[in-house]
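Participant: This structure is in structure tokens; I'll ask about it shortly.
The values are calculated or read from the model by the stated rules, or taken from the named source; none is laboratory data. Just so you know, these numbers come straight off a predicted model, no measurement behind them. Neighbour counts run over all protein chains shown; Cβ positions are idealised from the backbone, glycine included.
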Amino acid sequence: MGSRVTDRAIEEIRARADIVELVAARGVALKRAGTSFKGCCPFHHEKTPSFHVNPAKQFYHCFGCGEHGDVFTFLMKQDGLSFMDAVRSLADKTGVVIDTSTDYESEQRNQLYAIHLELAAFYQRCLAQTSGAAGARAYLESRKLAAETVARFGIGYAPLDRGATLAWAAKRNFTAEQLVAAGVLTPPNDPSRPEDYYDRFRGRLMFPIADTQGRIVAFSGRILDPKAHPAKYVNSPETPIFRKGKILYALDKARGAIVKHPRREAVICEGQIDVIRCHAAGLTTAVASQGTAFTRDHVDLLKHHADSAVLFFDGDAAGRKAAIRTGALFLEAGIPVRVAVLPPGEDPDSLIRDRGADAAHALIDAAESLTAFQIRAMREGEERPDDVDAVNRVCRAVLETLASCSNAVLRSHLLQEAAARLRLPESALTEDLEALRARQAEAAARAAAYGKPGSAPAPRQAPAPRSGSDGEPPPRDAFSGEETSGEETSDPTAIPGTPAEAAPESATPADLALAELLFHHEDDLAVADLLRSYLPEALVRHPHAHTVFCAWRAAANTGADVLADLYAAADPALKAFLDPVILRRPRVNHSDELSPIDAARDVVARLWIDALRAERTAIGDDPPDEASRLRRLILTRHIKVLQQATIEAERLSSLYLKKSVTSWELREPVIREEQTRLAG
């Protein structure tokens, strides 16, 4: 069991901690000056000491830059910790017990931490000592990764022998069920072979994944034998201690360097090897997302440590597109972002390996703004970049990127830069940008009204022309400027299985919510169980949402990054559907306070409401026979139950009570009854 921390415990930690020892341990040379100690400030560059530490008052103050605080503040600013992380770190050092209230899940979490810690050590021993790891050692040697770097990042090897992990667990008194809960093993598929557990990572090079406190919470396994495994990387599923959207690879190692960087700037890479190579080359502010595309959640996590970012992505077309998408996320959060331009065909790993650390540092120093990068890259893709149509395409894409920027000063600065680079009047770009932002705000308001529980669907209209009467351009890819077309469809009210079955012309809020849920919680076991139990494939009618759902279902519990691969291979129409899903713009769930399982319940209920409404519409207001009239009455009752329960879920979540499980008890019988009827 675990706890929250009281003010009394915090004061005891503050009293026991030695601030002089803490500051000196961070490399600050202190000399006694009367009752205080004095040294050069760690928060700004100075030659004459103006940083004073008072051990009696447990306080520090710099007369040069004005920085001041106590032991907690110092750790937060020097190591990039949150307040609670600083408290826990000092509690461990001072021996203060901070348990004050019961947390019934802490025992399971602590057990998972212990399993991952010991497994990491086991994998490292296997890499260093076993003959079966010869291929893994040869791979690391071919990548020119020094032994010191391998040890620093805890790289290991998972034995190919299917029984090796279970044998290790037995010696450590861990059960197979505990390893399943940790995501290391998958349970037997055949009930007649109850001992047939499968090792998710067998035969792979292992990269431990740590949280911001440095605790190992997951693993990523890289393929060594392309013929034996379909996925290049297999990652741990989400567990009580691991959420992909809440983890950045190597942030535990980079956070201190980020907060000490003159610009508090983080380097964002696409892969683990890239990050490891950057750290070995002295770029110790490098991080990467873990097993998923970079999301707004990752940006929010990084905001605790960084004030700016530089994207260090691959030098191919996919890397350039990813830089535009990721850069837009930083602008949405109001964070300045630059892009380091790698030579075609290079990635950070190959660049540093072949050209040396100085080449990487030079590219980082020369990184350009996101706007400059997007303009230059798009103009290079135009045959005649100065023609009016080409300029119009570039402007349109750049304005779409800038429209998401939440910081007015940053947005204005980038708009000025865009005008200068495109040799256009700033006033013209400003006018178009404000018009675009107004249209987006209006569209978001319409989507919010449409998606409100209990609201009626928007009236069906004829398909819009490629360019609307209001002058709004058709959607375009933010990098290439190519138009993306919607699907040609028939009546969106048609219930699955009827002759009029076809995909709707545009995704409903429920379609988007489902895709967002799958992309951001694809390995959540509770979510997977709920969707398998209550969401038939026939209810997912939009073609792109259906594609995502089927891909997720086919790979559920395998650990393979199928959805990331799906996006990489997507056509423009599918990417246009997925971009706002991946970027979480707009938010499609009605409350950020919902847990993943409650969000899943909400999505399931909304999809059933849509399907039941469609069936009721197909029956009509004046059913021709008694059976149809009875069915219409049942549909109306079921829709009302689902709507009212969903509204109650929204009300409770808006009050931060997070008790929509109560409303699920009302929704579940209705959904189960309708599912049985549909299956029959």
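Participant: Might you let me know whether the stretch 303-320 holds any residue that is more than 27 Å from Arg396 (Cα to Cα) and among the hydrophobic types (A, V, I, L, M, F, W, C)? Don't jump to the end; show me each part of the working.
Facilitator: The first filter runs over the stretch 303-320 and keeps only residues more than 27 Å from Arg396 (Cα to Cα), leaving 303-307.
Now restrict to residues that are among the hydrophobic types (A, V, I, L, M, F, W, C): 306.
There is at least one residue in the stretch 303-320 that is more than 27 Å from Arg396 (Cα to Cα) and among the hydrophobic types (A, V, I, L, M, F, W, C).
Participant: Separate question: Is there a residue being of a type in the set (Lys, Arg) and surrounded by 14 or more Cβ atoms within 10 Å (Cβ to Cβ) anywhere in the stretch 43-64?
Facilitator: Here is the first cut: in the stretch 43-64, the residues of a type in the set (Lys, Arg) are 47, 57.
Then keep just the ones that are surrounded by 14 or more Cβ atoms within 10 Å (Cβ to Cβ); that gives none.
No, there is no match, as no residue in the stretch 43-64 is of a type in the set (Lys, Arg) and surrounded by 14 or more Cβ atoms within 10 Å (Cβ to Cβ).
Participant: Sticking with this structure for a sec: Run Phe519 past the list (1) within 25 Å of Asn235 (Cα to Cα); (2) of a type outside the set (D, E, K, R); (3) surrounded by 24 or more Cβ atoms within 10 Å (Cβ to Cβ) and report the number of the one that doesn't hold.
Facilitator: Single failed check for Phe519: (3).
Participant: Given the criterion surrounded by fewer than 18 Cβ atoms within 10 Å (Cβ to Cβ), modelled with pLDDT under 75 and over 30 Å from His638 (Cα atoms), identify the matching residue among Asp571, Asp561, Asp592, Asp565.
Facilitator: Asp565
Participant: Assuming Arg26 fulfils every condition listed in (1) modelled with pLDDT under 85; (2) over 21 Å from Pro262 (Cβ atoms); (3) surrounded by fewer than 18 Cβ atoms within 10 Å (Cβ to Cβ) apart from one, which condition is it?
Facilitator: (2)
Participant: Follow-up question, since we're still on this one. Is one or more of the residues making up the stretch 368-379 in a helix (DSSP H, G or I) and among the acidic types (Asp, Glu)? Spell out the reasoning first.
Facilitator: In the first step, residues of the stretch 368-379 are kept if they are in a helix (DSSP H, G or I); the result is 370-379.
From what is left, the residues that are among the acidic types (Asp, Glu) are none.
There is no residue in the stretch 368-379 that is in a helix (DSSP H, G or I) and among the acidic types (Asp, Glu).
Participant: With Asp92, Asp18, Asp99 as the choices, which residue is under 28 Å from Thr284 (Cβ atoms), among the acidic types (Asp, Glu) and at pLDDT below 85? Can you show your working first?
Facilitator: Details: Asp18 fails: at pLDDT below 85; Asp99 fails: under 28 Å from Thr284 (Cβ atoms).
Selected residue: Asp92, the only one of Asp92, Asp18, Asp99 that is under 28 Å from Thr284 (Cβ atoms), among the acidic types (Asp, Glu) and at pLDDT below 85.
For every residue, the table says whether it meets (1) assigned to a helix (DSSP H, G or I); (2) in contact (Cβ under 8 Å) with a residue 60 or more places away in the chain; (3) in contact with a His (Cβ under 8 Å, 6 or more places away or on another chain); (4) on the phi > 0 side of the Ramachandran plot.
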residue: Met76; (1), (2), (3), (4): yes, no, no, no
residue: Met84; (1), (2), (3), (4): yes, yes, no, no
residue: Val96; (1), (2), (3), (4): no, yes, no, no
residue: Ala114; (1), (2), (3), (4): yes, no, no, no
residue: Ala138; (1), (2), (3), (4): yes, no, no, no
residue: Glu141; (1), (2), (3), (4): yes, no, no, no
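Participant: May I pose another question? Please go through the stretch 151-169 and give me each residue that is among the charged types (D, E, K, R) and closer than 13 Å to Leu185 by Cβ, ordered by number.
Facilitator: First, the residues of the stretch 151-169 that are among the charged types (D, E, K, R): 152, 161-162.
Passing the criteria: only Arg162.
Participant: Among what's in the stretch 415-425 and is in a helix (DSSP H, G or I) and in contact with a helix residue (DSSP H, G or I) (Cβ under 7 Å, 6 or more places away or on another chain), pick the residue that is surrounded by the most Cβ atoms within 10 Å (Cβ to Cβ). Steps first, please.
Facilitator: Residues of the stretch 415-425 in a helix (DSSP H, G or I): 415-422.
If we keep only those that are in contact with a helix residue (DSSP H, G or I) (Cβ under 7 Å, 6 or more places away or on another chain) as well, we get 415-419, 421-422.
Details: Leu415: 20, Gln416: 14, Glu417: 18, Ala418: 24, Ala419: 17, Arg421: 17, Leu422: 19.
Of everything passing the filter in the stretch 415-425, Ala418 is surrounded by the most Cβ atoms within 10 Å (Cβ to Cβ).
Participant: Can we say Thr212 is touching a residue at least 60 places away in the same chain (Cβ under 8 Å), assigned to a loop (DSSP other than H, G, I, E, B) and not assigned by TED's automatic domain parsing to the domain that holds His304?
Facilitator: Details: touching a residue at least 60 places away in the same chain (Cβ under 8 Å): yes; assigned to a loop (DSSP other than H, G, I, E, B): yes; not assigned by TED's automatic domain parsing to the domain that holds His304: yes.
Yes; evaluated as a whole, the condition is true for this residue.
Participant: What is the residue count in the stretch 395-414 for residues that are crowded, with 21+ Cβ neighbours inside 10 Å and of a type in the set (Val, Ile, Thr)?
Facilitator: The number of residues fulfilling the criteria is 2.
Participant: Can I ask one more? Considering only the stretch 211-255, state which residues are modelled with pLDDT of 85 or more and among the small types (Gly, Ala, Ser).
Facilitator: Gly214, Ala218, Ser220, Gly221, Ser236, Ala250, Ala254
Residues are listed down the side, and each one gets a yes or a no for (1) in the same structural domain as Thr149 (by TED's automatic domain parsing); (2) touching a helix residue (DSSP H, G or I) at 6+ places or on another chain (Cβ under 8 Å); (3) of a type in the set (D, E, K, R); (4) without any contact (Cβ under 8 Å) to a residue 24 or more places away in the chain:
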{"residue": "Ala323", "(1), (2), (3), (4)": "no, yes, no, no"}
{"residue": "Arg355", "(1), (2), (3), (4)": "no, no, yes, yes"}
{"residue": "Ala359", "(1), (2), (3), (4)": "no, yes, no, yes"}
{"residue": "Cys405", "(1), (2), (3), (4)": "no, yes, no, no"}
{"residue": "Ala408", "(1), (2), (3), (4)": "no, no, no, yes"}
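Participant: Separate question: Which of the numbered conditions does Glu107 fail, given that it passes all the others? Conditions: (1) over 30 Å from Pro237 (Cβ atoms); (2) loosely packed, with under 13 Cβ neighbours inside 10 Å; (3) in contact (Cβ under 8 Å) with a residue 24 or more places away in the chain.
Facilitator: Going through the list (1) over 30 Å from Pro237 (Cβ atoms); (2) loosely packed, with under 13 Cβ neighbours inside 10 Å; (3) in contact (Cβ under 8 Å) with a residue 24 or more places away in the chain, Glu107 breaks only (1).
Participant: Residues of the stretch 33-82 being within 15 Å of Val20 (Cβ to Cβ) and either basic (Lys, Arg) or assigned by TED's automatic domain parsing to the domain that holds Gly256 (or both), which ones?
Facilitator: Within the stretch 33-82, Lys38, Lys57 qualify.
Participant: Output the residues belonging to the stretch 143-185 that are acidic (Asp, Glu) and assigned to a helix (DSSP H, G or I). Even if it seems obvious, please write down each step before you answer.
Facilitator: Step one: list which residues in the stretch 143-185 are acidic (Asp, Glu), which gives 148, 161, 177.
Listed by number, the residues that qualify are Glu148, Glu177.
Participant: Go through the stretch 342-380 and give me each residue that's of a type in the set (Lys, Arg) and under 13 Å from Gly315 (Cα atoms).
Facilitator: If we filter the stretch 342-380 for residues that are of a type in the set (Lys, Arg), which is where we start, we get 353, 355, 376, 379.
The answer is none; no residue qualifies.
Participant: Which condition from (1) farther than 22 Å from Ala182 by Cβ; (2) buried (at least 20 other Cβ atoms within 10 Å of the Cβ) is the one that Tyr157 breaks?
Facilitator: Just one mismatch for Tyr157, condition (1).
Participant: Sticking with this structure for a sec: Which pairs do you get when a residue that is free of Cβ contacts under 8 Å to residues at least 40 places away in the same chain and of a type in the set (S, T, N, Q), found in the stretch 24-39, comes within reach of a residue that is surrounded by 10 or more Cβ atoms within 10 Å (Cβ to Cβ) and part of a strand (DSSP E or B), reach meaning Cβ atoms under 8 angstrom, with the pair 6+ apart or on two chains?
Facilitator: So the pair list comes out as Thr35/Asn54; Ser36/His52; Ser36/Val53; Ser36/Asn54.
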